[in-house]
Amino acid sequence: MFKKILIANRGEVAVRIHRTCREMGIATVAVHSEADTSALHVKLATESVCIGAAASKSSYLNIPALLSAAELTDAEAIHPGYGFLAENAKFAEITQKLGFTFIGPKPEHIALMGDKIEAIAYAKQCGLPTIPGSGRAISSVEEALAEAETIGYPIITKAAAGGGGKGMKVAHSAQALRTALHVAQTEAKANFGDDRVYLEKFLETPRHIEVQVLCDSHGNVSILGERDCSLQRRHQKIIEETPSPALTDSQRETLFQTVTAACQKMGYLGAGTFEFLYEKGQFYFIEMNTRLQVEHPVTEMVTGIDIVSEQIRIAAGEKLRYLHNFIHPRGHSIECRINAEDPETFIPSPGKVTEYFAPGGPGVRVDSALYPGYSVPPYYDSTVAKLIVWGQTREEAVMRLRRALEEFVVSGIKTNIPLHRKLAATNAFHQGHYTIHSLEKYLKEGHL
Ligand code: ADP
């Protein structure tokens, strides 16, 4: 097993990874920008290295600085967390070439799944159902209009190099598609330096259902169940839960079998997530994330498996310890992403946290980077904490979530806790009756 791991990330995920490393007796190296000198992940780590200026480009995305820090501290392995370089195939490859272990999938799988057009084509070959779509990058308005006629409106544009909901525009008519394509290509170019955009049928009432997998280097595949991440704003997840309130056991089994076969065919390694939209009894693959997911704790709560620990063990060449194929969950878990932002305008709200009280009690877990007196810097992602609850039943989990949200105090900055409180109080949430469009609809209609 590794003696020392460098965590190439910041914030709550860096703290999360540190915690598992310490439980495994592994020393940690925190890296940080000049803006993060007093961040919690730096305070907790065994040692820390400043890798550059505040802008991510100069620090958390600075590959030479990260690898120098690993060299300097004699770290044996690098955990990328999520965001930043976690899905950068080049980073994984260089890390390995320099003799460090990359705690993640094979670089070729990161590259394959990083291109959504290729990912969908590959998923089809693996027998995964996909959404009707262009299946290739669209190069002209005429081509888009012709494809849209075949697919049928409404249409959604998506960036091949996409992520974070960027490049997604919905068009209900040919006229709207002309504009949508142009806006999507511009957005894709600006965000990813790659303007390739493809088309998909826009589904009007789907749920977002994803499957967590773990695969070792001995050919074993383990499915850790699904997560329902349908509550989203601007295609970004806000609340996630497991099991999905929408699935039957037999739908689940069929889905898990298909995903297992895909993993085996790929020869996938490490933790990964297959994302699907689910509508009218049908699953449609949309993408695969070749990394730890923000919402991984809900799976940990119902399976009792520490996914970060498994990632580390897999990277060290160990066999999966859970070989009974599909892990059967116990109880129900829900996660709320706590963002430093105005709960009504959604404008980021960095600044000094004056008061901080995290809820506790039965079935409550908080993964957070906050502490009283900490200043949230304005340069990075606004997710500063996650509240995760567990209950024997969904009903108990929902009641616990409401209670924990009541207790949660973060002052000095604005957070979306008030929005979560309102959302958790709605009847639709209580019943589990929602789709990927529900949250935006509630906001538009003034219910939240
Ligand atoms: P990203 O990588 O940018 O997050 P995804 O492909 O994972 O993009 O999609 C993010 C979300 O966008 C999905 O969870 C879903 O809510 C919405 N979405 C994606 N594709 C479609 C589609 N064809 N129809 C309706 N909504 C979609």
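Below are the figures for this structure:
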| read-out | value |
| --- | --- |
| Tally of residues being part of a strand (DSSP E or B) and of a type in the set (Phe, Trp, Tyr) across the range 51-104 | 1 |
| Residue in the range 128-140 that is modelled with pLDDT of 95 or more, near the ligand (Cβ under 9 Å from one of its atoms) and small (Gly, Ala, Ser) present | yes |
| Filter result (assigned to a helix (DSSP H, G or I) and open to solvent by less than 50 Å² (accessible area, probe 1.4 Å)) within the range 398-429 | VAL398, ARG400, LEU401, ALA404, LEU405, ILE417, LEU419, HIS420, LEU423, ALA424, ALA428, PHE429 |
| ARG337 vs. criteria within 16 Å of the ligand (Cβ to nearest atom) and either within 23 Å of HIS41 (Cα to Cα) or at pLDDT 95 or above (or both) | yes |
| Scope the range 170-221; condition free of Cβ contacts under 8 Å to residues at least 40 places away in the same chain, part of a loop (DSSP other than H, G, I, E, B) and open to solvent by less than 70 Å² (accessible area, probe 1.4 Å); matching residues | SER173, GLY193, ASP194 |
| Which listed residue is within 23 Å of PRO107 (Cβ to Cβ), modelled with pLDDT of 95 or more and more than 23 Å from the chain's Cα centre (by Cα), from GLU87, GLU47, GLU71 | GLU71 |
| Residue under evaluation ASP249, criteria (1) open to solvent by 10 Å² or more (accessible area, probe 1.4 Å); (2) under 30 Å from ALA146 (Cβ atoms); (3) more than 20 Å from the chain's Cα centre (by Cα), criterion not met | (2) |
| Some residue of the range 437-445 being in a loop (DSSP other than H, G, I, E, B) and charged (D, E, K, R) | yes |
| Enumeration of residues in the range 294-342 that are in a loop (DSSP other than H, G, I, E, B), aliphatic (A, V, I, L, M) and under 22 Å from GLU241 (Cβ atoms) | VAL294, ILE305, ILE327 |
| Answer residue from the range 226-235, given it is within 13 Å of the ligand (Cβ to nearest atom) and not aliphatic (A, V, I, L, M) and is surrounded by the fewest Cβ atoms within 10 Å (Cβ to Cβ) among those | ARG234 |
| Residue match in the range 205-225 (condition: within 7 Å of the ligand (Cβ to nearest atom) and not acidic (Asp, Glu)) | yes |
| Restricting the range 343-389 to residues that are of a type in the set (Phe, Trp, Tyr) and in a loop (DSSP other than H, G, I, E, B), the residue that is most open to solvent (accessible area, probe 1.4 Å) | TYR379 |
| All positions within the range 66-83 that are in contact (Cβ under 8 Å) with a residue 24 or more places away in the chain and open to solvent by 20 Å² or more (accessible area, probe 1.4 Å) | GLU71, ASP74, GLU76, TYR82, GLY83 |
| Residue check for GLY167: within 15 Å of the ligand (Cβ to nearest atom), at pLDDT below 95, assigned to a loop (DSSP other than H, G, I, E, B) and surrounded by fewer than 17 Cβ atoms within 10 Å (Cβ to Cβ) | no |
| Enumeration of residues in the range 91-135 that are open to solvent by 30 Å² or more (accessible area, probe 1.4 Å) and of a type in the set (Lys, Arg) | LYS97, LYS106, LYS124 |
| Meets criteria (open to solvent by 20 Å² or more (accessible area, probe 1.4 Å) and either assigned to a loop (DSSP other than H, G, I, E, B) or without any contact (Cβ under 8 Å) to a residue 60 or more places away in the chain (or both)) for ILE138 | no |
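Yes/no per residue for (1) within 16 Å of the ligand (Cβ to nearest atom); (2) buried (at least 23 other Cβ atoms within 10 Å of the Cβ); (3) among the basic types (Lys, Arg); (4) without any contact (Cβ under 8 Å) to a residue 24 or more places away in the chain:
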position	(1), (2), (3), (4)
PHE274	yes, yes, no, no
TYR278	yes, yes, no, no
TYR284	yes, no, no, no
MET288	yes, yes, no, no
ASP306	no, no, no, no
SER333	no, yes, no, no
GLU341	no, no, no, no
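The values are calculated or read from the model by the stated rules, or taken from the named source; none is laboratory data. Given the structure is predicted, the values throughout are model-derived calculations rather than measurements. Every residue, glycine as well, gets a Cβ built from its backbone with ideal geometry; the counts of neighbours run over all protein chains shown. What goes into the accessible areas is simple: the full protein's heavy atoms, side chains included, and nothing from ligands, DNA or RNA. Shrake-Rupley method; radii C 1.70, N 1.55, O 1.52, S 1.80 Å.
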